[in-house]
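S.K.: Next up is a structure, given as structure tokens.
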């Protein structure tokens, strides 16, 4: 949740992969799922369904506010969140080819 926790994920990812290209997707729009995205490198490819992105755009400010009211620790984690738009959005399936590896992201 938030950029500080996103930085933790980036550090842990670097321990297991030296691949410079990162693909980032989320299961849904809640703050603990999307607000750490800004910590990822600028070249990270964010993939999100169109419906989920609409929810992020419409509901994220309210959810960040509501989550921030729970504890001072959560408020601090969400304090500097800057939304990160996807480079790719899709309605039901995103087909991706990254050289030797192909993968699909399904709604």
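S.K.: Scan the range 6-51 for residues that are in contact with a strand residue (DSSP E or B) (Cβ under 8 Å, 6 or more places away or on another chain), in a helix (DSSP H, G or I) and surrounded by fewer than 18 Cβ atoms within 10 Å (Cβ to Cβ) and report the count.
M.R.: Qualifying residue count for the region: 1.
S.K.: Just for the range 2-18: of the residues that are on the phi < 0 side of the Ramachandran plot and in contact (Cβ under 8 Å) with a residue 40 or more places away in the chain, which one is farthest from the chain's Cα centre (by Cα)?
M.R.: Per the stated criteria, the residue is 4.
S.K.: Let me ask another. What pairs can you find where one residue is in the range 31-59 and on the phi > 0 side of the Ramachandran plot and at pLDDT below 90, the other is crowded, with 18+ Cβ neighbours inside 10 Å and assigned to a helix (DSSP H, G or I), and their Cβ atoms are less than 9 Å apart, with a gap of 6+ or different chains?
M.R.: none
S.K.: Considering only residues that are in contact with a helix residue (DSSP H, G or I) (Cβ under 6 Å, 6 or more places away or on another chain), surrounded by fewer than 17 Cβ atoms within 10 Å (Cβ to Cβ) and assigned to a helix (DSSP H, G or I), which ones fall in the range 64-82?
M.R.: Once the filter is applied, which keeps residues that are in contact with a helix residue (DSSP H, G or I) (Cβ under 6 Å, 6 or more places away or on another chain), surrounded by fewer than 17 Cβ atoms within 10 Å (Cβ to Cβ) and assigned to a helix (DSSP H, G or I), the range 64-82 yields only 75.
The values are calculated or read from the model by the stated rules, or taken from the named source; none is laboratory data. This is a predicted model, so every value here is computed, not measured. We place every Cβ from the backbone using ideal geometry, glycine too, and count neighbours over all the protein chains shown.
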